[in-house]
Every structure is written in C-alpha cells, then in structure tokens.
Amino acid sequence: EQGSKKVKCFMEQNAEYRQQMIEEYKAATEPLLKYLPWMEKNAGRTVSRNYQGNGLSKSSISFPVYDANLMSFVKEAAASPLMDRNYVYVYTRNRIRSHADEKRLIAGAELKDWEILGGILSKYVLEGRTKATLWGDAMQEDIFLLVLRKMREIIRYWDKAGR
C-alpha cells in the first residue's frame, strides 16, 4: 500500500514537471510556428539570390540576399530560448555528420530528444551568421521545416492543457 502511494506521488510530480517543460517549450516554439506555412510553400526551394549589384567588378565576391520571411524567422529564432550555443556537442554526441543524419534524428525525435531538435536548429541559425550559405541549405534540405513540425507534434502530443 505504502509503496504504491509513493509511486503514484512520484508519477504525479513527474507529470507536473513534464507539463511545466511542455509549457516552456510551447512558449518558445509558438512564435516560430507562424513561419511554417511559408516554409511548407517554399520547401526544397532556393530562397536566396546572389547579389550582383551596381559597381561590383568581376573580382568582387557576390553574396546571398535572402527572402525577408527567412530573415525574420532567423532573427526571431536566434532570440528565442530554443538556441543552444553548445549545439556542437549535440552533433558530436549524436554522431551527426550529414543532412541524412539530421533528418533521421528529427524524424525519430520524442520529448526526451528536445535538446537534439534545439541543437540542429541552433546550428543553422547561429552558424548561418558567419556562413551565409547555411540558412539557404536549411531551407533547401527542409531542416527548419522538419524541426518546427516535429516540435509542434511533440507539444501537441504532450500538452494536457490543449486537450
């Protein structure tokens, strides 16, 4: 009798903690979900063009100019609590070396893997600041789209308030 009461108490505390986590994840993710329809519409597409404006000589370096929606998403994501400055460790720990590895881990992610989703998102958002092509890669490979969809799916599954 006493043992089952302890187990029940632990389960209730655990459920309470999990719900608290879901609320935090939901608050962090919801502002980014407004970009999903745009990402779905532009899935697999190139969302940048190379700037070759007036005054650029043949020896000048051209640079990508991104769609305004992508720039807004990146700016908002960068300021969100989802960013993990230690994303490199997520890649090392999970032996992520390719887009296929990323997509496999995203597809199989559960609540306990939230850190992996955040790490993958962080890599592209944060590293894209210095490697301009990464934001375009994330769009062409559907990384941003897949991460946001999976985050939404996990939140919907576990969110008791929404039921």
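The values are calculated or read from the model by the stated rules, or taken from the named source; none is laboratory data. Bear in mind the structure is a predicted one, so any value in this text is a computation, not a measurement. Positions of Cβ are backbone-derived with ideal geometry, glycine not excepted, and every protein chain shown enters the neighbour counts. With ligands, DNA and RNA removed, areas are computed over all heavy atoms of the protein, side chains included. Shrake-Rupley method; radii C 1.70, N 1.55, O 1.52, S 1.80 Å.
Yes or no: TRP135 modelled with pLDDT under 95 and either part of a helix (DSSP H, G or I) or aromatic (Phe, Trp, Tyr) (or both)?
On the way: modelled with pLDDT under 95: yes; either part of a helix (DSSP H, G or I) or aromatic (Phe, Trp, Tyr) (or both): yes.
Judged against the criteria, TRP135 is a match.
Please determine, by comparing only the residues of region 1-37 that are modelled with pLDDT of 85 or more and not in a helix (DSSP H, G or I), which one is nearest to PHE144 (Cα to Cα).
The residue in question is TYR35.
State all residues of region 120-132 that are open to solvent by 10 Å² or more (accessible area, probe 1.4 Å), part of a loop (DSSP other than H, G, I, E, B) and not aliphatic (A, V, I, L, M); if no residue qualifies, say none. Talk me through it step by step, then tell me what you get.
Step one: filter region 120-132 for residues open to solvent by 10 Å² or more (accessible area, probe 1.4 Å), giving 123, 126-127, 129-132.
Remaining after also requiring part of a loop (DSSP other than H, G, I, E, B): 129-132.
Answer for region 120-132, where residues must be open to solvent by 10 Å² or more (accessible area, probe 1.4 Å), part of a loop (DSSP other than H, G, I, E, B) and not aliphatic (A, V, I, L, M): ARG129, THR130, LYS131.
When you scan region 70-90, how many residues do you find that are crowded, with 17+ Cβ neighbours inside 10 Å and part of a helix (DSSP H, G or I)?
Residues meeting the conditions: 6.
For region 85-102, what are the residues that are touching a residue at least 40 places away in the same chain (Cβ under 8 Å) and either more than 12 Å from the chain's Cα centre (by Cα) or at positive phi (or both)?
Within region 85-102, ARG85, HIS99 qualify.
Out of region 66-94, which residues are within 14 Å of GLY128 (Cβ to Cβ) and of a type in the set (Phe, Trp, Tyr)?
Scanning region 66-94 gives TYR66, PHE73, TYR87.
Show the residue pairs that are 6+ apart or on different chains and have beta-carbon atoms under 8 Å apart, the first residue being within region 65-84 and more than 15 Å from LEU126 (Cβ to Cβ), the second being among the charged types (D, E, K, R) and in a strand (DSSP E or B).
Between residues of region 65-84 that are more than 15 Å from LEU126 (Cβ to Cβ) and residues that are among the charged types (D, E, K, R) and in a strand (DSSP E or B), the close pairs are VAL65/ARG49.
Tell me which residues, restricted to region 91-113, are within 20 Å of ALA27 (Cβ to Cβ) and buried (at least 20 other Cβ atoms within 10 Å of the Cβ).
ALA109
Just to be sure I understand the filter: pairs with C-beta atoms under 7 Å, separated by 6 or more residues or on different chains, first member in region 145-158 and over 10 Å from GLU110 (Cα atoms) and open to solvent by less than 70 Å² (accessible area, probe 1.4 Å), second member of a type in the set (A, V, I, L, M, F, W, C) and not in a helix (DSSP H, G or I). Which pairs pass?
Close Cβ pairs (under 7 Å, with a partner that is of a type in the set (A, V, I, L, M, F, W, C) and not in a helix (DSSP H, G or I)) amount to LEU145/ALA43.
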